[in-house]
Amino acid sequence: MAEGILLEKTAVEKENWRIASAGVFAEYGYPPAQNTLMILLEKGIDLSERRSTPISAELVQQYRLILTMEQGHKEALQAAFPDEAERTFLFSEMVGEYRDIVDPIGKALVDYRDTAQEIESILERGFERIRALSSEPYDRNETSDLINPE
């Protein structure tokens, strides 16, 4: 859901953004939950072709900023990819908070709607911080080489 909402938020400048979603405990190939698709379609966002992807070192290394919805996911990623830990944040940290965004999987449509509203609120208030953090060059090997933005 967050991927779709962020894609919509950055649509006018999509050539400057590379956005993806991957799951800490995901398997390949599953579609988004039906309620997720319904909530996103209400907003004019179609992720029906999207399929789940598990997180991997190769994927993590491609991005300048990694946002997680839950503290447990952040901790798991920082443990699995310690070289990327400084680029890994809770989504709520983008607005100076430190709390989980609860996954509504298996809950009622209203819970999905609440989660979407929470994501949108954080994006509205924290987008400039997301922009700044995702624009900062980083150097995994402490050399002068930089990862070029797409």
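Bear in mind these aren't lab numbers, they're just calculated from the coordinates by the rules spelled out. This one's a predicted model, so the numbers in the text were calculated from it and none came from an experiment. For neighbour counting, all protein chains shown are included, and Cβ atoms are generated from backbone atoms with ideal geometry for every residue, glycine included.
With springs only between Cα atoms under 10 Å apart, run a GNM on the chain and tell me which of ALA22, ALA116, ALA79 wobbles the most.
With Cα springs under 10 Å in the chain, the top fluctuation among ALA22, ALA116, ALA79 is at ALA79.
Once R0 is set to 30 Å, what does the formula 1/(1 + (r/R0)^6) return for the Cβ-Cβ distance between PHE127 and SER48, expressed as a FRET efficiency to the nearest 0.05?
Here the calculated transfer efficiency is 0.75.
Enumerate the helices in the chain for which the Kyte-Doolittle hydropathy averages -0.5 or more and the C-alpha atoms extend at least 15 Å along the helix's axis, using complete DSSP H runs.
What comes out of the filter, once short or polar helices are dropped, is 109-135.
Roughly how far apart, in whole Å, are the Cα centres of the stretch 79-139 and the stretch 1-71?
Between the Cα centre of the stretch 79-139 and that of the stretch 1-71, the gap is 12 Å.
Bin width 10 Å, alpha-carbon pairs only: give the P(r) of the chain as whole percents, running from 0 to the bin holding the largest distance.
All Cα pairs, binned at 10 Å, distribute as 10, 39, 40, 9, 1 percent.
Would you mind working out the magnitude of the charge dipole of the chain relative to its Cα centre, with +1 at each Lys and Arg C-beta and -1 at each Asp and Glu C-beta, to the nearest 20 Debye?
260 debye
Take TRP17 and GLU58, extend 7 Å from each Cα along the Cα→Cβ direction, and tell me the distance between the two endpoints in nm.
2.6 nm
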